[in-house]
Amino acid sequence: MYNASIEFMGIPDQLFHWIPDEIVVIVRLPRIPVDDTQEIIAEQVRIQLNDLLTQYGVFLEAYGTYGRWREPVMPPIRRRSFLFGLHRKHPLLAIFFHTRSLDPQIDDPLTEALSQIQGSLEMLAQVGLQVLSAMPNWLTRAAPIYYTDGGTPLPPRPAPLLDVSASGNSLIGWHTSLLDQGFPLDPKGGEDALVVVLDTALYPDRIRNAATRLELRRNGLLQRLANDLRNEDGSFVIEYDRYPLTNDVRTGRDSYGDERYYLMPDHGLSVVGLIRDIAPRARIRLTRVLDDYGGGDIYTLFAALTDLEREIVSGPLRHLVINLSLTIMPDIRRLPYIWLSSRQWPSTQLYGVMRVLNHIEEGLRLLFESLYAHGALVVAAAGNDSSDTTESGRPARPPRAPARYDTTLSVSSVT
């Protein structure tokens, strides 16, 4: 594992669940846009929404022009909207914006903008704007700095050194063992499947160089992955810089369960190792959508998943498995108390409360529904929220998004 993660551990000073001032609006389109018109449509939506919002003292700006994107370290934005739901008669468009307030004393006008949009859905539909969801740019985690909970429950530990002085030159190492020995595995080793792992990632050269180190030359799994990279035959591919990322989102806990953050750039590689061990012939693509601290947001997730949907529709992908060892949003029990300012509301307002909570998540559900409709299998982590509750005898917390959706396969682990 990454040695620096043991040497450096930070303590967050604030907890975030979304990127301040960043919003995503999901709209339904009459048809698939023709070439070069998608950004024009996004700008038209912004103008229409601003006609509504400015009377309440807030407005939207094009994504990548405000907030954290004014920092020189931020990468340039190549896309501000993502088309998906290509199986539908009326496709969907996810558009990212910044929310701003006419009052300089308001730091994050996001909730006000969302409230006004959600309260005006019928009116917007009457003028031809079909808004299906408006939500924050939720943080994702592998679980100033945007620290978010729900990430890895423990710091990574260095892998044990292998005894290279032992007799023989055969490759050695661990193998995955199944608790249920009768669990059926593909006799072809997954040779017809492409497994896309959306996670943290390392530069390919770092893996190839690590495989040449004396103490790792007989590590069978590492040597297999390094050889797959060298062969450049598609058996193992790393997309390190396809999507813009910085290290401003962080997550994790220490061995005592306290909130800490640390480097974990090889989190995704460890997931790839598990997959390669049980599916030795599958093609694996590791795509970096989480930063070196195991954090990210749904902008990058929308970019990666909508690209995969386009790839499916274009034809080359037949058996696609998408692995998401990450979570989004607070769990469903805590969401009302985090999103709503009051923990008490009259029963007469319950319908409105549920409508609001559904609306700030519906865009994610629709995204995973689209992948499911095309036959993709999305395997999603249930989350690490119950690591402390089970020890104290409290009920386990429900899985986080997207693992709680009917269109994904939710998994948890026992260590």
| note | All conditions in (1) surrounded by fewer than 23 Cβ atoms within 10 Å (Cβ to Cβ); (2) at pLDDT below 95 are true of GLY295 except (1)
| message | Here is a check on your reading of the model: is LEU225 assigned to a helix (DSSP H, G or I), at pLDDT 90 or above and under 17 Å from ALA279 (Cβ atoms)? | response | yes
| field | Restricting segment 270-291 to residues that are outside any loop (DSSP other than H, G, I, E, B) and under 16 Å from the mean Cα position of the chain (by Cα), the residue that is farthest from LEU317 (Cα to Cα) | value | VAL271
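Count, please, the residues in segment 31-58 that happen to be assigned to a loop (DSSP other than H, G, I, E, B), β-branched (Val, Ile, Thr) and surrounded by 12 or more Cβ atoms within 10 Å (Cβ to Cβ).
Restricting attention to segment 31-58, the residues satisfying the condition of being assigned to a loop (DSSP other than H, G, I, E, B) are 31-37, 57.
Retained after the next criterion (residues that are β-branched (Val, Ile, Thr)): 32, 34, 37.
Pick out the ones that are also surrounded by 12 or more Cβ atoms within 10 Å (Cβ to Cβ) and you get 32.
Qualifying residue count for the region: 1.
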| request: Kindly indicate the residue of segment 68-126 that is acidic (Asp, Glu) and assigned to a loop (DSSP other than H, G, I, E, B) and also farthest from LEU366 (Cα to Cα) among those meeting that condition. | output: ASP103
| field | Residue in segment 26-49 that is farthest from ALA113 (Cα to Cα), counting only those that are under 29 Å from the mean Cα position of the chain (by Cα) and among the polar types (S, T, N, Q) | value | THR37
| request: Find all pairs meeting these conditions: Cβ atoms under 7 angstrom apart; at least six residues apart or on different chains; first residue within segment 302-316 and under 21 Å from VAL379 (Cβ atoms) and assigned by TED's automatic domain parsing to the domain that holds GLU239; second residue among the β-branched types (Val, Ile, Thr) and in a loop (DSSP other than H, G, I, E, B). | output: ALA304/VAL289
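Only one of GLY257, GLY189, GLY234 is surrounded by 11 or more Cβ atoms within 10 Å (Cβ to Cβ) and modelled with pLDDT under 85. Can you tell me which? Walk me through how you get there before you give the answer.
Numbers: GLY189 fails: modelled with pLDDT under 85; GLY234 fails: modelled with pLDDT under 85.
Criteria check complete, one pass: GLY257.
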| field | strands (runs of 3 or more DSSP E) within segment 315-415 that include 1 or more residues of a type in the set (Gly, Ala, Ser) and either surrounded by 14 or more Cβ atoms within 10 Å (Cβ to Cβ) or at pLDDT 95 or above (or both) | value | 377-381, 409-411
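The values are calculated or read from the model by the stated rules, or taken from the named source; none is laboratory data. These figures come from a predicted structure and were not determined experimentally. As a convention, Cβ positions derive from the backbone with ideal geometry for all residues, glycine included, and neighbour counts pool all protein chains shown.
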